[in-house]
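Asker: Shown below is the structure under consideration.
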Amino acid sequence: MAVDYDLVIVGGTPAGAIAANTAVRLGARVAWVWQGADLGQAQRQLQGWMWGTQRCVDAGWTAAIVGMPPLVLPDAAWRAVQQWADLIADLPRQPLTTAITMAGVDVIQGSGQVVGDGPLRLRVDDGPLDRTVSTRRLLLAMAGDPAPPAIVEGDAIPWLTPTSLAQQSQPPDSLIVLGQQPVALALAQALATWGTQVHVLSSATTLLPQEDPAIGQWLQAQFAAMGIHLHLGASLQHIKKTAAGVDVTSATGTIQAAAALLGTVPRPLLQALHLKAVGLTVPPQGLTVNGYLQSDHPDIYGCGGS
């Protein structure tokens, strides 16, 4: 049966861009559906914020240089870092989009929803157009935010994510990082330079357990030298909102802080794709794939945060 594309990629992320460019170079007919994403704008802003923080450290504007008076007020330095991050986030996306389009990829800056199987069919909105496309394979390369833990007491907790943290008007006095995704650990280090009292809580017994043990040991020593409190091998029991912020209780005790940062694995919102239409159920922990990135549906794959 004839199809419109060999591969449709859903997700305006850097992973989606790389997949689209690679597939078209291999001779495939490819469509790239952005699915309402920002093509890495949030990631660029976060990277810009961490770059700006390092510049402040180098200049001695933060609490990282002990015994030296700051050259500017801390809140002014924080605002300067946010301005740098905004400038980097707003860097033009057009060159990348143009290059991928010129390579032969159909770029659809809209959203899609699965509507049928054999072959896979998606209804996509592309500006004023609303059309249905068919494809042999579907690759999910969507971004997402970390999911909060199920154990929550009282009112809804105003969770911080890596993206929202970089947009705060000032650094928090204290912070609890739940989980240890690399970006969350990088933020923990950056915030410690601003004078934030940082706690990292993880059920793993070492930092970055998926990496070489020497890397985790070296990072733990770095955190200790910076005054970051590590609570490793701690199983989460209770979380509740308080007047002063949040209380997080584990088997090792209760930690109090002004805010909590989700450092868990990002989970994209796959419900909008309506994958149930082709019999694919996505569990709460995200899409399950094998070593070839293939899901339980033989023609649907996932990469990145999906």
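The values are calculated or read from the model by the stated rules, or taken from the named source; none is laboratory data. Worth saying up front: this structure is predicted, and the values here are computed from it rather than measured. With ideal geometry, Cβ positions are generated from the backbone for all residues, glycine too; neighbour counts draw on all protein chains shown. Accessible surface areas use protein heavy atoms only, side chains included; no ligands, DNA or RNA. Shrake-Rupley method; radii C 1.70, N 1.55, O 1.52, S 1.80 Å.
Asker: How about region 222-236: which of its residues are open to solvent by 60 Å² or more (accessible area, probe 1.4 Å) and among the aliphatic types (A, V, I, L, M)?
Answerer: Correct list: ALA224, ALA225, MET226.
Asker: Might you let me know whether region 277-299 holds any residue that is open to solvent by less than 50 Å² (accessible area, probe 1.4 Å), in contact (Cβ under 8 Å) with a residue 60 or more places away in the chain and part of a helix (DSSP H, G or I)?
Answerer: Taking every residue of region 277-299 in turn, at least one turns out to be open to solvent by less than 50 Å² (accessible area, probe 1.4 Å), in contact (Cβ under 8 Å) with a residue 60 or more places away in the chain and part of a helix (DSSP H, G or I).
Asker: Separate question: Out of all the residues in region 281-306, which are closer than 18 Å to LEU7 by Cα and of a type in the set (A, V, I, L, M)?
Answerer: First pass over region 281-306, keeping only residues closer than 18 Å to LEU7 by Cα: 289, 292-304, 306.
Correct list: VAL289, LEU293, ILE300.
Asker: Additional query: Being in contact with a Pro (Cβ under 9 Å, 6 or more places away or on another chain), under 25 Å from GLN83 (Cα atoms) and assigned to a loop (DSSP other than H, G, I, E, B) is true for just one of GLN170, GLN180. Which residue is that?
Answerer: Details: GLN180 fails: under 25 Å from GLN83 (Cα atoms).
When all the criteria are applied, what remains is GLN170.
Asker: Considering only residues that are modelled with pLDDT of 90 or more and polar (S, T, N, Q), which ones fall in region 218-241?
Answerer: Scanning region 218-241 gives GLN220, GLN222.
Asker: It is to be established whether one or more residues within region 262-269 are farther than 28 Å from VAL33 by Cβ, modelled with pLDDT under 90 and either among the β-branched types (Val, Ile, Thr) or part of a helix (DSSP H, G or I) (or both). Give the steps one after another, and end with the answer.
Answerer: Just the residues of region 262-269 that are farther than 28 Å from VAL33 by Cβ, to begin with: 263.
Keeping just the survivors that are modelled with pLDDT under 90 gives 263.
This time we only want the ones that are either among the β-branched types (Val, Ile, Thr) or part of a helix (DSSP H, G or I) (or both), so: none.
No: zero hits.
Asker: Any residue at all in region 244-259 that is surrounded by fewer than 12 Cβ atoms within 10 Å (Cβ to Cβ), closer than 30 Å to ALA20 by Cα and modelled with pLDDT under 90?
Answerer: Scanning region 244-259 turns up no residue that is surrounded by fewer than 12 Cβ atoms within 10 Å (Cβ to Cβ), closer than 30 Å to ALA20 by Cα and modelled with pLDDT under 90.
Asker: Same structure, new question: Going by the structure shown, is VAL177 of a type in the set (Val, Ile, Thr) and touching a Ser or Thr at 6+ places or on another chain (Cβ under 9 Å)? First the steps, then the outcome.
Answerer: Working: of a type in the set (Val, Ile, Thr): yes; touching a Ser or Thr at 6+ places or on another chain (Cβ under 9 Å): yes.
Yes: the conditions hold for VAL177.
Residue-by-condition table, conditions (1) over 24 Å from HIS238 (Cα atoms); (2) open to solvent by 20 Å² or more (accessible area, probe 1.4 Å); (3) not small (Gly, Ala, Ser):
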{"residue": "ILE157", "(1), (2), (3)": "no, no, yes"}
{"residue": "LEU160", "(1), (2), (3)": "no, no, yes"}
{"residue": "GLN170", "(1), (2), (3)": "yes, yes, yes"}
{"residue": "LEU175", "(1), (2), (3)": "no, no, yes"}
{"residue": "TRP194", "(1), (2), (3)": "yes, yes, yes"}
{"residue": "SER203", "(1), (2), (3)": "no, yes, no"}
{"residue": "THR206", "(1), (2), (3)": "no, yes, yes"}
{"residue": "PRO213", "(1), (2), (3)": "yes, yes, yes"}
{"residue": "GLN220", "(1), (2), (3)": "yes, yes, yes"}
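Asker: Let me ask something else. Please indicate, with yes or no, whether at least one residue in region 134-146 is touching a residue at least 60 places away in the same chain (Cβ under 8 Å), open to solvent by less than 10 Å² (accessible area, probe 1.4 Å), within 25 Å of LEU46 (Cα to Cα) and in contact with a Gly (Cβ under 8 Å, 6 or more places away or on another chain).
Answerer: Applying the first criterion (touching a residue at least 60 places away in the same chain (Cβ under 8 Å)) to region 134-146 yields 134-146.
Cutting the leftovers down to open to solvent by less than 10 Å² (accessible area, probe 1.4 Å) gives us 135, 138, 140-141.
Adding the requirement that they be within 25 Å of LEU46 (Cα to Cα) leaves 140-141.
Filter again for in contact with a Gly (Cβ under 8 Å, 6 or more places away or on another chain), leaving 140-141.
Checked against the condition, which is being touching a residue at least 60 places away in the same chain (Cβ under 8 Å), open to solvent by less than 10 Å² (accessible area, probe 1.4 Å), within 25 Å of LEU46 (Cα to Cα) and in contact with a Gly (Cβ under 8 Å, 6 or more places away or on another chain), region 134-146 yields at least one hit.
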